[in-house]
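Only the coordinates and a few stated rules stand behind these numbers; no lab work does. In this text, all values refer to a predicted model and were calculated from it rather than measured experimentally. Every residue, glycine among them, receives a Cβ derived from its backbone with ideal geometry; neighbour counts consider all protein chains shown.
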Amino acid sequence: MREIRIEEVTEAVKSMCIEANYELSQDMKEVFCQAVEREKSPLGKKVLGQLEENLRIASEDQIPICQDTGMAVVFIKVGQEVHFTGGSLEAAIHEGVRQGYKEGYLRKSVVGDPIERINTKDNTPAVIHYEITEGDRVEITVAPKGFGSENMSRIFMLKPADGLDGVKEAILTAVRDAGPNACPPMVVGVGIGGTFEKAAQMAKHALTRTIGTKPEIPWVQKLEDEMLTKINKLGIGPGGLGGSVTALAVHAETYPTHIAGLPVAVNICCHVNRHAHRVL
């Protein structure tokens with residue numbers, strides 16, 4: 001049994017909150033640079049150039065890429081041979097978010113109640129997804145999620161007869177309806193299967209996958225490639241001002257589902273697809 005003090009978790013989460021908000025991951029930087037070269041519209045190319053400059057300034061000056069520094073979403077895989085000491089794991093994660101948003105001068109965007117809407121003033125609580133795995137390691141991914149794009153996300157409870165064509169139409173419908181409101185170019189996360197909530201969780205997690213890596217299931221890989229092409233043909237373009245680059249990537253995850261259902265969730269993220277990763 002390996003022991004990990006909760007202070008290590010807090011420190012990791014704090015640094016990831018700041019890192020994710022100040023600088024995009026390397027895969028996002030690379031695909032963004034490629035988008036600047038691929039964009040055919042002069043106006044779209046200009047918008048992408050301005051967004052690229054914004055990324056550079058944020059990195060050099062160590063300031064947030066976007067004023068909406070998001071609600072902290074944390075995916076944590078805990079090896080079953082790990083024992084946490086010194087307090088509560090969940091409290092440690094929330095404390096890491098609290099410290100990160102304070103020390104990083106990140107906007108506090110969380111309200112304590114969805115109706116009364118009083119700001120918690122420290123961006124807590126985070127949304128935490130736990131997974132128990134084999135071994136003695138802890139993997140943490142922090143993905144701050146802004147709500148301009150989050151509000152454009154959708155869940156479709158399709159019938160099995162809708163099939164793959166129904167899945168494709170659901171994805172296109174979500175992106176088409178989002179239009180400029182999701183701050184394109186976007187990354188599109190898709191969850192297919194499971195239950196209502198499982199599909200949504202998979203769509204969220206799909207956004208954290210390294211761009212350029214491919215899913216193992218052949219039909220899912222083909223779906224991602226086809227949807228990226230079709231989405232970019234919609235002509236929404238950078239900033240919603242028209243162009244050939246509406247999406248930077250489409251990532252899908254799947255899970256077994258019930259004989260009577262075909263849940264599909266589409267979680268849209270803007271060009272600031274933020275996530276940071278640590279292994280303890």
Legend entry - Approximate spin-label separation A161-F84, in nm, with each point projected 7 Å along Cα-to-Cβ: 4.7 nm
Inset, instruction - State log₁₀ I(q)/I(0) for segment 148-273 at q = 0.13 Å⁻¹ as given by the Debye formula over alpha-carbon point scatterers of equal weight, solvent excluded. - result: -0.44
Inset, instruction - Please state, rounded to one decimal and in Å, the Kirkwood hydrodynamic radius that the chain gives when every pair of distinct Cα atoms enters the mean of 1/r. - result: 19.5 Å
Legend entry - Fewest-first ranking of H129, H83, H94, H271, using other Cβ atoms within 10 Å as the exposure measure: H83, H129, H94, H271
Inset, instruction - Sort R56, R38 so that the residue with the fewest other Cβ atoms within 10 Å of its own Cβ comes first and the one with the most comes last. - result: R56, R38
Inset, instruction - Could you pull out every residue, at least 5 positions away or on a different chain, whose amide H is within less than 5 Å of the one on S109? Hs are placed 1.01 Å off N in the peptide plane, and Pro or chain starts have none. - result: N123
Inset, instruction - Calculate the length of the line joining the C-alpha centroid of segment 211-269 to that of segment 80-139, in whole Å. - result: 29 Å
Inset, instruction - Taking the Cα centre of segment 148-273 as origin, work out the dipole magnitude from +1 charges on Lys and Arg Cβ and -1 charges on Asp and Glu Cβ, in debye rounded to 20. - result: 80 debye
Legend entry - Förster radius 45 Å - calculated FRET efficiency between H258 and D61, Cβ distance, rounded to 0.05: 0.35
Inset, instruction - Given the options K214, K108, K159, state which has the largest fluctuation in a GNM of the chain using a 10 Å cut-off (strictly under) for Cα springs. - result: K159
Inset, instruction - Return I268, I76 ranked ascending by Cβ neighbour count within 10 Å, so the fewest neighbours appear first. - result: I76, I268
Inset, instruction - Compute all pairwise cysteine Cβ distances in the chain, then list the cysteines with no distance under 4.7 Å to another cysteine. - result: C17, C33, C66, C269
Legend entry - Cα→Cβ-extended label distance, 7 Å offset, between Q221 and R137, nm: 2.4 nm
